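Down below is the structure, laid out as structure tokens.
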Amino acid sequence: SQKIEQNSEALNIQEGKTATLTCNYTNYSPAYLQWYRQDPGRGPVFLLLIRENEKEKRKERLKVTFDTTLKQSLFHITASQPADSATYLCALERSGGYQKVTFGTGTKLQVIP
Amino acid sequence: DTAVSQTPKYLVTQMGNDKSIKCEQNLGHDTMYWYKQDSKKFLKIMFSYNNKELIINETVPNRFSPKSPDKAHLNLHINSLELGDSAVYFCAAGNTGELFFGEGSRLTVL
């Protein structure tokens, strides 16, 4: 069966360090991999998308890598700040224009001042 | 203007009742979704509509009936509510590549 797993339920890091979150998937052929941020009591907010033929994408302090051989994406936040504390969700959309976006289990990031 | 808005934000009701949640988007996207987020924060897709047509139904009990009167609206009606229906329900809109979510409707069944 298809699975999307984010390795850590929770991750604590010191302010200023780089946070690295992992998303692994099995039995899936995604066309797109997306990362979202969710704050308590709010809906998820889109951050970045990376396509199956792209290796890396950057946006300000965020960087996403996508390895379709390893079936893994890494999400990095450099120079992390307490305001980055939130739950981060990866999501996959499969090939074929089916438009079904499936979410991973989420990682709760806490940046400690 | 809120891109995806859903009402009500909170719903508290008794088992066996029927309730509805409404969703509206002003982004002009063709596809709208309902997701359920349980107490463990896992976000699970329930339904997807494309231009008023149902395209995804993820083996949700038929007590749940989505309705899309037009491209900008997707409502969710739930009959005979059960304790296990307690969750946060999120509406989303988007075309390929990016979803825009509403703020969620927290349903509590007593």
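Please treat every number below as a calculation from the coordinates, not as lab data. Everything numeric here is computed off the predicted structure, so don't read it as measured data. Counting neighbours? That spans all protein chains shown, and the Cβs are built from the backbone with ideal geometry, glycine included.
Starting from the Cα of A:LYS17, draw a straight line to each of the aspartates and glutamates and keep only those under 12 Å, dropping any in the same chain fewer than 8 residues away.
A:ASP84
Return the sequence-ordered ³J(HN,Hα) values of the stretch A:3-17 in whole Hz as given by the Karplus equation 6.51 cos²θ - 1.76 cosθ + 1.60 applied to θ = phi - 60°, using x for Gly and Pro.
After applying 6.51 cos²θ - 1.76 cosθ + 1.60, I find 9, 10, 10, 10, 4, 10, 5, 9, 9, 10, 9, 7, 3, x, 7 Hz.
Count charges around B:ASN57 for me, please; just the other residues with Cβ under 14 Å from its Cβ, Lys/Arg as +1, Asp/Glu as -1.
+3
Can you give me the C-alpha center-to-center distance between the stretch B:1-49 and the stretch A:48-68, rounded to a whole angstrom?
29
Express the Stokes-Einstein translational diffusion coefficient of the stretch B:18-72 in µm² s⁻¹, to the nearest whole number, given a Kirkwood radius over alpha-carbon pairs, 10 °C and a viscosity of 1.306 mPa s.
This corresponds to a translational diffusion coefficient of 130 µm²/s.
Quick one: of the DSSP bridges fully inside the protein assembly as shown, what percent are antiparallel, nearest 5?
Bridges in the protein assembly as shown that DSSP calls antiparallel: roughly 90 percent.
Quick one: grab Rg to one decimal and Dmax as a whole number for chain A, Cα atoms only, in Å.
Considering chain A through its Cα atoms, Rg and Dmax are 13.5, 44 Å.
When only C-alpha pairs under 8 Å and at least 6 residues apart count, what is the relative contact order of chain B, in percent?
Relative contact order of chain B: 37 percent.
Over chain B, what lengths in whole Å, largest first, do the semi-axes of the equivalent ellipsoid take, defined as the square roots of 5 times the eigenvalues of the alpha-carbon gyration tensor?
Value: 22, 14, 13 Å, ordered largest first.
Suppose every Lys and Arg Cβ carries +1 and every Asp and Glu Cβ carries -1, with no other charges. What dipole size does chain A come out with about its Cα centre, to the nearest 20 debye?
Here chain A has a charge dipole of around 160 debye.
Report, ordered by chain and residue number, the aspartates and glutamates lying within cross-link reach of B:LYS44, taken as a straight Cα distance under 14 Å and ignoring same-chain residues fewer than 8 apart.
Within the straight-line limit of under 14 Å, B:LYS44 reaches these aspartates and glutamates: A:GLU5, A:GLU93, B:GLU58, B:ASP85.
What's the average, rounded to a whole number, of partner chain beta-carbon atoms within 10 Å of each residue's beta-carbon in A:33-43?
Other-chain Cβ atoms within 10 Å of each residue's Cβ, averaged: 4.
Taking the alpha carbon gyration tensor of the stretch B:50-95, what are the square roots of 5 times its eigenvalues, largest first, to the nearest whole Å?
21, 11, 10
Of B:LYS40/B:LYS67; A:LYS3/A:LYS71; A:LYS3/B:LYS41; A:LYS3/A:LYS100; A:LYS100/B:LYS52; B:LYS22/B:LYS67, which sit over 18 Å apart, Cα to Cα?
From the list (B:LYS40/B:LYS67; A:LYS3/A:LYS71; A:LYS3/B:LYS41; A:LYS3/A:LYS100; A:LYS100/B:LYS52; B:LYS22/B:LYS67), the Cα-Cα distance tops 18 Å for B:LYS40/B:LYS67.
Placing one identical point scatterer on every Cα of the protein assembly as shown and ignoring solvent, what is log10 I(q)/I(0) from the Debye formula at q = 0.12 Å⁻¹?
Reported log10 I(q)/I(0), two decimals: -0.65.
Only four residue types carry charge here, +1 at the Cβ of Lys and Arg and -1 at the Cβ of Asp and Glu. Report the dipole size of the stretch B:4-109 about the Cα centre in Debye, rounded to the nearest 20.
That gives the stretch B:4-109 a dipole magnitude of about 220 debye.
Counting only residues 5 or more places away or on other chains, whose amide H sits under 5 Å from the amide H of A:LYS17 once H atoms are built in the peptide plane?
A:SER80
From Cα pairs below 8 angstrom and at least 6 apart in sequence, can you work out the relative contact order of the stretch A:6-113, rounded to a whole percent?
38
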